Amino acid sequence: MRGLFLTFEGIDGCGKSTQIERAAAFLKEQGIAYIITREPGGSAISEQIRTLLLNPANKGMRPQTEALLYAASRIQHLEEKILPALAEGKVVLCDRFLDSSVAYQGYGRCLGAEYVRNINAYALQHAPQQTFYFRYTPAQAQERRAGRAPADRLEQETLSFFERVCQGYEEIAQQEPQRVTVIEAADSIEAIAAQVRTRLQSYLRRRDL
Ligand code: ADP
Ligand code: TYD
């Protein structure tokens, strides 16, 4: 049995969760086993690390501490949840993964992509087959997010931080066009769901060969 590992990436509020739900509904209709999970989090220990990372009170957290905590949370999540689901032949729909660390800590926090990839060596061995990157400007995202629950520690960052994060995502998409599908996040929910579905179908067909 071979699973399929799919990740959804982009800045906060770009529409990842909405599309994960749509993709899950499609898989359900097709009778295909799947799990939905997220980073940081996805397992009990990783969810505790998530709480640490997103707590607005932790203003003093150093960039390297932050990067290492995301990496630690990812190892636990892979071992406890992602790899077992893939071994059972399931489709894994994951809200954020390693690309988030490259974009947010590597570019946003200016730690550099190489440093971030080095500390995430384990996750690099388990790269997703397909990543949907939702391209969205920080200003658009802020507008869409208005009225939502109070911002977490990362969401409180400056516009220039998010500009760097976006630049990071663009560079990842350029470097790995086979893995990364760029989605224009300002398109309608329906139009995006159709694009994701088409890509998903082609992967599922290949898996069945
Ligand atoms: P994320 O998971 O990336 O933070 P969400 O999926 O929670 O983003 O979407 C953020 C908000 O934007 C939600 O209120 C959602 O209903 C809305 N939304 C999502 N996708 C679209 C879209 N394509 N067009 C308009 N609104 C959208
Ligand atoms: P979350 O609320 O799950 O994301 P979203 O707002 O997209 O629904 O918050 C996770 C935050 O953590 C988000 O701001 C991105 C950030 N993050 C990193 O900085 N590095 C990482 O490796 C990951 C996985 C997330």
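The values are calculated or read from the model by the stated rules, or taken from the named source; none is laboratory data. Keep in mind that this is a model prediction, so the values were computed, not measured. Glycine also receives a Cβ, built like all others from the backbone with ideal geometry; neighbour counts cover every protein chain displayed. We work out accessible area using only protein heavy atoms, side chains counted, and drop any ligands, DNA or RNA first. Shrake-Rupley method; radii C 1.70, N 1.55, O 1.52, S 1.80 Å.
Annotation: of all residues in the stretch 24-45 being in contact with a strand residue (DSSP E or B) (Cβ under 9 Å, 6 or more places away or on another chain) and polar (S, T, N, Q), the one that is nearest to Glu79 (Cα to Cα) is Ser43. Note on the stretch 1-60: residues that are closer than 23 Å to Ala151 by Cβ, within 14 Å of ligand 1 (Cβ to nearest atom) and of a type in the set (Lys, Arg) amount to 2.
Restricting the stretch 95-138 to residues that are within 16 Å of ligand 1 (Cβ to nearest atom) and closer than 21 Å to Ser46 by Cα leaves a set whose member that is surrounded by the fewest Cβ atoms within 10 Å (Cβ to Cβ) is Asp95.
In the stretch 137-162, the residues that are under 23 Å from Gly106 (Cα atoms) form Cβ pairs under 7 Å with partners that are outside any loop (DSSP other than H, G, I, E, B) and open to solvent by 70 Å² or more (accessible area, probe 1.4 Å), at six or more places apart or across chains, as follows: Pro138/Leu159; Pro138/Glu163. Quick check, is Val165 under 24 Å from Arg62 (Cβ atoms), assigned to a helix (DSSP H, G or I), modelled with pLDDT of 90 or more and of a type outside the set (Phe, Trp, Tyr)? Considered against the rule, which asks whether it is under 24 Å from Arg62 (Cβ atoms), assigned to a helix (DSSP H, G or I), modelled with pLDDT of 90 or more and of a type outside the set (Phe, Trp, Tyr), Val165 comes out as yes. The number of residues in the stretch 186-209 that are among the acidic types (Asp, Glu) and assigned to a helix (DSSP H, G or I) comes to 2.
Note on the stretch 1-40: among residues that are assigned to a strand (DSSP E or B) and of a type in the set (Val, Ile, Thr), the one that is surrounded by the most Cβ atoms within 10 Å (Cβ to Cβ) is Thr7.
Inclusion of Ala151 among residues that are open to solvent by 20 Å² or more (accessible area, probe 1.4 Å) and assigned to a loop (DSSP other than H, G, I, E, B) is warranted.
Scanning the stretch 41-68 for residues that are open to solvent by less than 60 Å² (accessible area, probe 1.4 Å), more than 16 Å from the chain's Cα centre (by Cα) and farther than 18 Å from Glu157 by Cα turns up just one, Ile49.
Within the stretch 72-84, the set of residues being touching a residue at least 40 places away in the same chain (Cβ under 8 Å) and surrounded by 21 or more Cβ atoms within 10 Å (Cβ to Cβ) comprises Arg74, His77, Leu78, Ile82. Are any of the residues in the stretch 91-109 within 16 Å of the chain's Cα centre (by Cα), modelled with pLDDT of 95 or more and acidic (Asp, Glu)? Checked the stretch 91-109: at least one residue is within 16 Å of the chain's Cα centre (by Cα), modelled with pLDDT of 95 or more and acidic (Asp, Glu).
Condition first: of a type in the set (S, T, N, Q) and away from ligand 1 (no atom under 16 Å from the Cβ). Now tell me which residues in the stretch 172-209 satisfy that. Gln174, Gln175, Gln178, Thr198, Gln201, Ser202, listed by residue number. Each residue in the stretch 6-49 was checked for being within 13 Å of ligand 2 (Cβ to nearest atom), touching a Phe, Trp or Tyr at 6+ places or on another chain (Cβ under 6 Å), more than 16 Å from Ser101 (Cβ to Cβ) and not small (Gly, Ala, Ser), and 2 pass.
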